[in-house]
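The values are calculated or read from the model by the stated rules, or taken from the named source; none is laboratory data. Predicted model, so just to flag it, every value in this text is computed and none were measured. Using ideal geometry, Cβ is built from the backbone for each residue, glycine included, and neighbour counts are taken over all protein chains shown.
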Amino acid sequence: MTGTFNSRAKAVLTVVVITIAIVSIAFFITCNLSPLFISYPLHQLSLSIKEINSDYFRLLAYLEIPWTNHLELKNITLSPNGYQHFRDVRNYLLANELVMVASTILCLRVIGKRKRRKQLWELLVPLELVMVVLLIATVLLVINFPTIFVGSHYLLFQNLDWVMSPQSNGIILLMPVSFFMKLFTIWMGLVFFFLGLLWLWIRLRFLKL
C-alpha cells in the first residue's frame, strides 16, 4: 500500500513539473508571437506601421533579453510611470524564462528516467486530471476575462503604474484588452496542445508494451 501511494505521489509530482515546464514554454512562445496581434491606431499615433513595429520590438527585446537593460522608444510616448511598469513586467518575464529553463531540464531528466524504467504509463491519469482542471479554469477566465485581467494587475503589481493615459503612454494603444485576450487564448491553446501531445505519446508507447 505504501509503495503504491509513493508511486502515485511521484507520478503527480512529475506531472506538476511537466506542467510548469509546458506552461512556461507556452508563455514564452506566446510572448514572441505577440507582434502578430498588436493594434495599429495609425490616426491616434500619427505613425507608420513600420515605426510602430520598430518600437514594439524594442519593448519586446527589453522585456525578454536579460542583458538589454535600457528601454528607449523612438516613436511612441511613454511616461516615467510607464517605464517603471515595464520594468516590473520585465522581472516577471525574466523569471518565467528562468523557470522555463530549469523546469525543462528537470522535466527531460525525469521523463527519461521513467522511460528507461517503463513507468511512463503512471503519468496518464495525472495528466488527464491536469488537463481537466486547466480546461475548467480557462473557461471561467475567458467568460470574465476583462474583469479578471484588471484584477490580476492589483495582485501582480505593488503600484498603480499600470494605470496609463494614452496621451502620455501611446504604447498602450497597441495593446487593448482584446490583444491580451487573444494572447491568453493562444497561451492556453499551446498548453493543451503540448500536454495532449505528451499524453498521446505516452499512450501510444503504453499500447505497444
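Brief remarks on what is shown
- Qualifying residue in region 150-164 (condition: within 30 Å of LEU71 (Cα to Cα) and in contact with a Ser or Thr (Cβ under 8 Å, 6 or more places away or on another chain)): yes
- Those residues of region 78-119 which are within 17 Å of TYR56 (Cα to Cα) and part of a loop (DSSP other than H, G, I, E, B), in sequence order: LEU78, SER79
- Considering GLY170, GLY196, the condition of being of a type in the set (Gly, Ala, Ser) and either closer than 30 Å to TRP121 by Cα or at pLDDT 95 or above (or both) is satisfied by GLY196 alone.
Conditions tested, residue by residue: (1) in contact with a helix residue (DSSP H, G or I) (Cβ under 7 Å, 6 or more places away or on another chain); (2) assigned to a helix (DSSP H, G or I); (3) on the phi > 0 side of the Ramachandran plot; (4) β-branched (Val, Ile, Thr).
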| residue | (1), (2), (3), (4) |
| --- | --- |
| VAL142 | no, yes, no, yes |
| PRO146 | yes, yes, no, no |
| VAL150 | no, yes, no, yes |
| VAL163 | no, no, no, yes |
| GLN167 | no, no, no, no |
| ILE172 | no, yes, no, yes |
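- Region 171-193, subset over 18 Å from VAL133 (Cα atoms) and of a type in the set (Val, Ile, Thr), residue surrounded by the most Cβ atoms within 10 Å (Cβ to Cβ): ILE171
- Count of region 1-40 residues which are modelled with pLDDT under 90 and not in a helix (DSSP H, G or I): 1
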